[in-house]
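In what follows, a single structure is set out as structure tokens and then discussed.
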Amino acid sequence: MGGYVGWIMVIAVMALPIVIGLTRETGHFRRVTRADRAMRELATAPGWELHDRSAGRWSGYLYHFPLVDGLPARVLHGSYEGHEVTVARLQRLEQRRGLHWLSVSFRLPRRYPMLRLERSWSAAHTGLPVPGNALYVPVASDVNAVAGPMESARLPQRLLALGAPAVSLGGDEILFLYHPMPDVPDLPALVARLAALLPDVLGASELLREDPAAPEDAS
């Protein structure tokens with residue numbers, strides 16, 4: 001009897017990683033399904049358009065995160081408060097768990113100095129060290145100039161409340177990139193809450209200009 005119980009325990013221990021893996025796979029599949037459903041629902045709103053067959057033609061994310069090895073599986077274009085908005089689900093061709101990203105980008109009325117808030121997974125793409133348990137690593141021409149304003153605006157905490165995406169501001173566009181795929185029960189609300197962060201992110205970026213009155217060099 002003891003030997004029988006022992007074998008059951010051994011089998012249970014060996015099967016545990018498989019059970020955990022299947023549970024994670026199921027949860028990830030559900031998040032992808034919810035994101036696709038949310039994109040289809042928003043596409044029914046005036047001014048929004050969903051692209052499936054032509055999704056692969058959009059490559060705007062590569063300007064911000066060129067080392068992300070995913071391709072657009074679904075792309076949604078629209079507008080919010082005067083900003084052109086692009087929402088995309090990226091998917092790696094190799095089918096394994098967790099290889100999806102959600103991208104939300106806003107076109108800006110003019111160009112801004114580069115400012116990035118890297119997560120550990122995005123920093124790893126470029127070999128950027130992540131100190132301690134830091135949630136974000138700011139990257140800019142003068143990190144000290146933007147650190148104070150971002151903390152005063154509680155940007156890290158507000159981003160964390162929105163799922164903690166990596167952030168890239170460059171040229172006339174800002175892009176929020178989620179990995180792994182987040183749970184998106186309400187896409188319009190997510191777009192609105194990300195848009196609410198723009199004044200503080202753009203304000204911090206403005207401090208990077210050598211001459212605040214001069215336009216950024218477009219080169």
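The values are calculated or read from the model by the stated rules, or taken from the named source; none is laboratory data. Computed from a predicted model, the values in this text were never measured in an experiment. Virtual Cβ from ideal backbone geometry, glycine too; neighbours counted across all protein chains shown. Ligands, DNA and RNA are excluded from the accessible area calculation, which covers all protein heavy atoms including side chains. Shrake-Rupley method; radii C 1.70, N 1.55, O 1.52, S 1.80 Å.
Tabulated data
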item: Cα centroid of the stretch 124-149 to Cα centroid of the stretch 99-114, whole Å; result: 18
item: Highest to lowest packing among 66-74, 147-155, scored as the average C-beta count within 10 Å; result: 66-74, 147-155
item: Cubic angstrom per residue, convex hull over Cα atoms of the stretch 42-177; result: 137
item: Selection from Leu115, Pro182, Tyr136, by position along the positive dipole direction of the stretch 110-219 (Cβ); result: Pro182
item: Magnitude of the charge dipole, the stretch 136-187, Cβ model with Lys/Arg +1 and Asp/Glu -1, debye to 20; result: 180
item: Cα-based Rg of the stretch 104-183 normalised by 2.2 N^0.38 Å, two decimals; result: 1.07
item: Carbon plus sulfur fraction of accessible area for the stretch 126-217, probe 1.4 Å, in percent; result: 56
item: Per residue value of the accessible surface for the stretch 87-174 (all protein chains in place, 1.4 Å probe), Å²; result: 46
